[in-house]
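A.B. asks: Take this structure first; my questions come after.
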Amino acid sequence: MPDAFDIDSEVEGLQGQIGRLKQVARAIGEENVLQSQAANSLEEVLDQAGLAMRKGMRRVNRALQQSKSNHFLYLALFCLAIFFVLYLWARVYRFVKKVH
């Protein structure tokens, strides 16, 4: 009969371990659900951020294209102004040279 008693205590010990393993498995399952929800919400946030980034990039590209055209206009006007100032300076220099 001592062998039967040892087997019964071993079975009870194994049942206790099985119960603890079930609890661990449930906790892992709950954690998996929480992690999945967190990953899904993070994915949604990243999708929204990506859309906002694309929208912002379109705005920046539009602004850059507009500023580029104005930039060249200002550059052309500046060059014309410099040319005009040099032309006037040369004319005044020639006039002053002729007077002396």
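A.B. asks: Using the heavy atoms of the protein chains alone and a 1.4 angstrom probe, what is the accessible area of segment 1-94 per residue in square angstrom?
C.D. replies: Ligands and nucleic acids excluded, the figure is 95 Å² per residue.
A.B. asks: Ignoring everything except DSSP H segments at least 4 long, calculate the 222 nm mean residue ellipticity for the chain; use -39,500 (n - 2.57) per segment, divide by total residues, nearest 500.
C.D. replies: -37500 deg cm²/dmol
A.B. asks: I'm checking a number: the convex hull volume of the Cα atoms of segment 41-100, normalised per residue, in Å³. What is it?
C.D. replies: 51
A.B. asks: Could you give the angle, 0 to 90 degrees to the nearest 10, between helix 2-99's Cα long axis and the longest principal axis of the Cα atoms of the chain?
C.D. replies: Around 0 degrees separate the two axes.
A.B. asks: Taking the Cα centre of segment 1-89 as origin, work out the dipole magnitude from +1 charges on Lys and Arg Cβ and -1 charges on Asp and Glu Cβ, in debye rounded to 20.
C.D. replies: 1660
A.B. asks: Sticking with this structure for a sec: Picking from Asn70, Gly19, Leu80, whose Cα lies most toward the positive end of the charge dipole for the chain (charges on Cβ: Lys, Arg +1; Asp, Glu -1)?
C.D. replies: Leu80
A.B. asks: By how many nm would the segment from Ile82 to Asn40 lengthen if fully extended, with 0.36 nm per residue of separation less the alpha-carbon distance?
C.D. replies: 9.0 nm
The values are calculated or read from the model by the stated rules, or taken from the named source; none is laboratory data. Predicted model, so just to flag it, every value in this text is computed and none were measured. Cβ sites come from the backbone with ideal geometry, for glycine too, and all protein chains shown count toward neighbours. What goes into the accessible areas is simple: the full protein's heavy atoms, side chains included, and nothing from ligands, DNA or RNA. Shrake-Rupley method; radii C 1.70, N 1.55, O 1.52, S 1.80 Å.
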